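Report on the structure given below.
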Amino acid sequence: MWEAVGSPLDDSGVGDSGPVTNGGQVTQPQIFPTSGRRLLVYVIWDRRGGVEEFVLFTLAGLRIHSDRILVVVNGSLDDGGRAALEEVCDEILVRPNVGFDIWAHKHAIDHLGEAINEYDEVVFANDTWYGPVRPFGPVFERMDAQPIDFWGMTDHAREEPNPFTRKGVMHYHLQSFWIAVRRRMLESSQWRDYWRDLPSMPGYFDAVLKHEIVFTHAFESEGFTHGVAFPSEDYPTDHPALFNADLLLDAGCPLIKRRPFFHYPPFLDRHAVIGRDLLNRVAQYGYPVENILANLARNVAPRTLNADLAMLEILPDVPRPGGGRQRIVVAAHISDASAAGALLQRVSAIAEPFELIVTVASSTDQGSVHEALQDLNDPRMRSAEVRVLPANDGRDIAALFVGLVDVLAREDVDLIVRVHTMKMGTSAKNARRYFQSQQIDNIIDSPGYFSNLLALFESEPGLGVVFPPTVHIGYAPLGRGWSVYGPAAERLCKQLRVRVPLDGVSPLAPLGGMMVFRPRAMRALTAHKWAYDDYRREGAPGGADLARTQERIIANVAGESGFHCRTVMTERHAALSHISLEYTFDQLASTTPGYPVEQIQFLHRAGWMSAAGPGSFARMYLRFKYPRLARRTDPALDLLRRVLVKVKALRRPPRRSPSRAEGGKL
């Protein structure tokens, strides 16, 4: 399972007696000696300056195979992270986050100096993978027996033209997340020259083009031989670490790359890389997948993660055995007193003991709710409370984060079921009716359905929030889910120190305001003391009110604390949604050639169509045919467009924007 390239090997030069030397210098490729010493240089980067559990699990798994572990931290390291690392490594270096892991490896090499020659093998690795999923031992044993100068865990086949530059050749190369180098190469002048002359790498593609795809070829050309534990030639693609991760695991590969779980979803779709199946395979081999989910939730945009791991659950209506272990509060907001009875009857589908807390905007509504509660008579309802809110600003969102702040802080509450009424409005009544059904059905459709929803939380301690998928029947939020709220969401995340990346097109969010969540998952949001005055719509920057902005970052807030989200649907709504999306996408794709990822790239390259007038088409033509010219003219055209929008807005008479409960926008 290895490949040797370069100078021919003389088997007599390597054996139990040790490597052939000339004046102390190793002159032939060598096996790893029986009593040899191995150093692991492992690079980590964490956007928060901490250390995640998957890193500690990895280092613990490599401890028995390493005589010394040197961890290089790119960026910062807090006290908690340092204390955790000290339990699993021998030395820690902290450096500026410049040059990616390659320059971190150079930093380690410079730090070690001549001491690097004390080791028979140095493994250079980084934190872009999870492991051990399978044992490291058999791989080390197999590779230790090979007379080679350096080896990798996986490789990538030669490609022409180079896919990164679209010209020249991308040479065959070992993938840089794991490269082990032995003494002959470590002591060579070529090794010293390579790292002395290492170019700067300000961007990701610099790291790929200036190191990863040239390292193997550079040393191969100098006569050094290499091997690979799991060569791509044994797999159906040129890049098995991305496209055949399941087959690698089945063959005994001890690790799995992170990229299949966070790469661009249409690209993975094009190659049928199914992240959900990969995660299940990892779990079958005994790896604690909660480490993976927590890491991804903290660092991947929520909608991307939801798509890559197929985190939509179609729940059955058949009750599951057991249950009753969750302490549940149902937080219902009644903005339409006439609908109070219907909503509370739906709450009775919760086939578990629960507390009920209802918020209303007036004492009149309070009376209506009390009457509805008398008709409910649900033995599972342990207690019921009706709260009259002092203000109605911020609709159901402020009612939750201001009106129920004490409930959110309670330690004796495991889950909060958030539901509310919706007024039908006077326009597009069918759409409103379906929206209401899509929301409430997918939260508490029936006792059997809800028991299966609870089972998700019981089986996944890291699950923080579940909510219905984005509604698209009768509404058109897809493609523009951020609306005017993108900049406001960025500001709010910065204020709350939420560092989970925002999705680019539309957020993964409970846009209907209904969800089930662990209060701990909302800590980044509830730690801030909100007031009703914060929710006044007047003067909101760009028209982005706080309530709808908060709603759009719920998944990011949960991710900041390491909790992941799932979307949930009944079987009926899944059928309605899928067939609608399938037909709609079929129509959208009918005029654009290629796979979906290529169609998307084509349309994104053309850019925003706007009102589809002559000016818009001229701008799209420029972007497609003359992208450099378009980059120069786009800023001026954007400025002109914003000025025209403001002029039109000033000429329009002001009008009140209805709330969502009154039939307003999402």
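The values are calculated or read from the model by the stated rules, or taken from the named source; none is laboratory data. What you see is a predicted model, and the numbers here were worked out from it, not measured in a lab. Note that each Cβ is placed from the backbone with ideal geometry, even for glycine, and that neighbours are counted across all protein chains shown.
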(Q) Being in contact with a Phe, Trp or Tyr (Cβ under 9 Å, 6 or more places away or on another chain) and not in a helix (DSSP H, G or I) is the filter here; which residues of the stretch 346-365 pass it? (A) ALA349, ILE350, ALA351, GLU352
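For every residue, the table says whether it meets (1) without any contact (Cβ under 8 Å) to a residue 40 or more places away in the chain; (2) part of a strand (DSSP E or B).
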site: GLN28; (1), (2): no, no
site: VAL43; (1), (2): no, yes
site: LEU70; (1), (2): no, yes
site: VAL88; (1), (2): yes, no
Q | Identity of the residue in the stretch 245-261, touching a Pro at 6+ places or on another chain (Cβ under 6 Å) and outside any loop (DSSP other than H, G, I, E, B), that ends up nearest to ASP308 (Cα to Cα) | A | ALA245
Q: Taking the residues in the stretch 585-597 that are in a helix (DSSP H, G or I) and without any contact (Cβ under 8 Å) to a residue 12 or more places away in the chain as candidates, determine which candidate is surrounded by the most Cβ atoms within 10 Å (Cβ to Cβ).
A: ALA589
Q | Selection from the stretch 425-445 of residues that are buried (at least 18 other Cβ atoms within 10 Å of the Cβ) and either in a loop (DSSP other than H, G, I, E, B) or of a type in the set (A, V, I, L, M) (or both) | A | ILE440, ILE443, ILE444, ASP445
Q: Can you confirm whether the stretch 308-325 contains a residue that is surrounded by 19 or more Cβ atoms within 10 Å (Cβ to Cβ) and over 29 Å from ARG499 (Cβ atoms)?
A: yes
Q: List the number of the failed condition for THR304; all other conditions in (1) surrounded by fewer than 18 Cβ atoms within 10 Å (Cβ to Cβ); (2) within 30 Å of PRO596 (Cα to Cα); (3) of a type in the set (Ser, Thr, Tyr) hold.
A: (1)
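Every residue, every condition in (1) without any contact (Cβ under 8 Å) to a residue 40 or more places away in the chain; (2) within 15 Å of LYS257 (Cα to Cα); (3) in a loop (DSSP other than H, G, I, E, B), yes or no:
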{"position": "ASP277", "(1), (2), (3)": "yes, yes, no"}
{"position": "ARG303", "(1), (2), (3)": "no, no, no"}
{"position": "PRO321", "(1), (2), (3)": "yes, no, yes"}
{"position": "ALA332", "(1), (2), (3)": "no, no, no"}
(Q) For the condition modelled with pLDDT of 70 or more and surrounded by 12 or more Cβ atoms within 10 Å (Cβ to Cβ), what is the one hit in ARG660, ARG632, ARG605? (A) ARG605
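Residues are listed down the side, and each one gets a yes or a no for (1) surrounded by fewer than 18 Cβ atoms within 10 Å (Cβ to Cβ); (2) of a type in the set (Asp, Glu); (3) in a helix (DSSP H, G or I):
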| site | (1), (2), (3) |
| --- | --- |
| GLY341 | yes, no, yes |
| LEU344 | no, no, yes |
| PRO390 | yes, no, no |
| ASP406 | yes, yes, yes |
Q) So which residues in the stretch 187-241 are more than 30 Å from the chain's Cα centre (by Cα), more than 17 Å from HIS171 (Cβ to Cβ) and hydroxyl-bearing (Ser, Thr, Tyr)? A) SER188, SER189
Q.
Condition (residue is buried (at least 19 other Cβ atoms within 10 Å of the Cβ) and among the hydrophobic types (A, V, I, L, M, F, W, C)) applied to the stretch 192-200: is it met by at least one residue?
A. no
**Q.** Options GLU371, GLU385: the member that is of a type in the set (D, E, K, R), surrounded by fewer than 17 Cβ atoms within 10 Å (Cβ to Cβ) and not in a strand (DSSP E or B)
**A.** GLU371
